[in-house]
Amino acid sequence: MKTRSSASKADEIHFITGGGGYPGYSLGKKLTEEGHRVKLFDIREPVWDLLTGMEFIKGDIRDASAVRSAVEGVDVVYHMASYGMSGREQLNKKLIQEVNIGGTENVLKACHDCNVTRLVYTSTYNVVFGGQEIRDGDESLPYLTEDKFTEYYSLTKMHSEKKVLGASGSQTADGSVLYTCALRLAGVYGPGEQRHIPRIVSYLEQGLVAVTYGAKDSLVDFLHVDNLVQAHMLAGRGLSENKGHIAAGQAYFICDDKPINNFQFFRPLIEGLGLPVPHCEPSTHSCVLFSVMCGVCPLWKYLGMMTGSLPDMSVFCVAAFITEIVHSVIGRRIYNFQPLLTRTEVYKTGVTHTFSIAKAHSQLGYSPTVQNDMTEVVRYYQKMGRVYHKPRTSGLRYSIENIIIGLLIACLIMSLLPTVFN
């Protein structure tokens with residue numbers, strides 16, 4: 001009988017949670033093209049065609065029995081499924097907990113019960129980044145303390161990463177050893193990406209991106225989908241006996257290795273859509289808007305004082321914070337609106353945080369093949385006919401809607417503050 005360790009490439013079965021999403025499907029496609037058998041597991045079917053050798057299993061990561069059944073017989077697991085990464089999803093704590101914590105526990109149990117020996121966990125920069133400036137950070141940085149997280153998604157990813165790495169070296173049901181590692185990803189992009197770029201394109205089309213914020217020299221990392229795929233495949237190999245289990249118990253930062261200003265990164269996309277590039281000086285607009293808000297509602301002034309001085313980003317952080325409060329009050333019962341920005345999104349786009357890929361390069365052989373190249377993304381939207389001569393005007397309604405709701409709730413909260421602080 002052929003054992004897992006001696007199985008040939010054609011006999012190996014690779015299992016991907018979140019396989020219906022863009023990153024998961026892209027990984028599965030590449031694995032299939034290299035001769036592996038692939039199972040994609042997700043609650044939603046992929047919108048792309050399955051290749052010969054790919055199988056889609058519809059299931060909920062929160063359902064332990066469904067996960068166990070799907071994992072039976074597989075050799076490598078890539079746990080990519082998550083919830084709450086951006087927008088209003090970040091504000092649904094219950095579902096974030098169930099998917100990110102409960103789902104990870106289900107995957108770990110399935111790996112132990114089904115004698116899986118390799119598990120790659122897809123993590124995030126945000127397990128160590130919470131709005132503080134980081135330049136060329138590495139894996140020696142400590143996890144954020146719980147009080148430093150501005151949203152629940154990153155907190156649950158941190159706890160899940162700890163669980164996964166802590167399980168490395170544990171025994172499975174038949175006495176085999178489970179080896180695990182984690183990949184901490186930068187923001188993912190590529191043609192067909194479904195989470196972040198469509199939302200950005202929608203904002204651009206509505207004329208909502210009028211000013212930039214943060215220091216002009218602020219830098220962030222991005223990750224092209226091809227590099228994401230490469231890193232996951234190398235991590236899976238790095239957990240194998242052939243590679244001496246070099247990746248076991250390790251975390252790795254993964255990016256294009258070419259830090260860039262967030263707004264400059266998206267400039268080719270904006271220009272490719274035929275829309276005006278934001279070029280206003282953010283400090284002037286921020287100060288004016290901040291002053292207006294202080295006059296309308298004292299809560300803005302109070303929160304502004306908490307931030308210290310009046311940096312370019314303060315007004316955006318305060319606005320995001322108010323939006324989160326508003327959503328927590330009316331999001332589920334009255335109107336589940338899409339926040340323009342959350343605090344975490346402000347930090348991620350406006351505060352310098354870059355990380356070194358040296359460890360991934362030296363231990364896994366990771367070397368980005370694409371660096372900050374939006375060419376395919378631009379072409380993707382141009383083929384869809386998403387090219388304009390001027391921004392659509394529907395964004396005005398969206399902006400007024402968010403501001404009015406925010407101010408009404410903020411004023412209501414402000415009316416209660418005297419009883420709290422006196």
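In table form, for the structure just shown:
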{"quantity": "Segments classed as helices (runs of 4 or more DSSP H), wholly inside segment 14-97, with at least 2 members that are under 18 Å from the mean Cα position of the chain (by Cα) and buried (at least 17 other Cβ atoms within 10 Å of the Cβ)", "calculated": "22-33"}
{"quantity": "Count of residues meeting criterion [among the aromatic types (F, W, Y) and either within 19 Å of H196 (Cα to Cα) or surrounded by fewer than 18 Cβ atoms within 10 Å (Cβ to Cβ) (or both)] in segment 366-383", "calculated": "2"}
{"quantity": "Residue check for A110: under 23 Å from G236 (Cβ atoms), in a helix (DSSP H, G or I) and in contact (Cβ under 8 Å) with a residue 40 or more places away in the chain", "calculated": "yes"}
{"quantity": "Test: L234 is at pLDDT 95 or above and under 20 Å from M85 (Cα atoms)", "calculated": "no"}
{"quantity": "Those residues of segment 166-199 which are surrounded by fewer than 18 Cβ atoms within 10 Å (Cβ to Cβ) and part of a helix (DSSP H, G or I), in sequence order", "calculated": "G166, P198, R199"}
{"quantity": "In segment 236-254, the residues that are of a type in the set (A, V, I, L, M, F, W, C) and closer than 15 Å to T124 by Cβ", "calculated": "A251, F253, I254"}
{"quantity": "Test for T150: is it touching a residue at least 24 places away in the same chain (Cβ under 8 Å) and of a type outside the set (F, W, Y)", "calculated": "yes"}
{"quantity": "Selection count where residues are among the basic types (K, R), at pLDDT 95 or above and surrounded by fewer than 15 Cβ atoms within 10 Å (Cβ to Cβ), scope segment 134-161", "calculated": "1"}
{"quantity": "Residue count, segment 68-120 (criterion: of a type in the set (K, R), more than 14 Å from V164 (Cα to Cα) and touching a Gly at 6+ places or on another chain (Cβ under 9 Å))", "calculated": "2"}
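The values are calculated or read from the model by the stated rules, or taken from the named source; none is laboratory data. This is a predicted model, so every value here is computed, not measured. Using ideal geometry, Cβ is built from the backbone for each residue, glycine included, and neighbour counts are taken over all protein chains shown.
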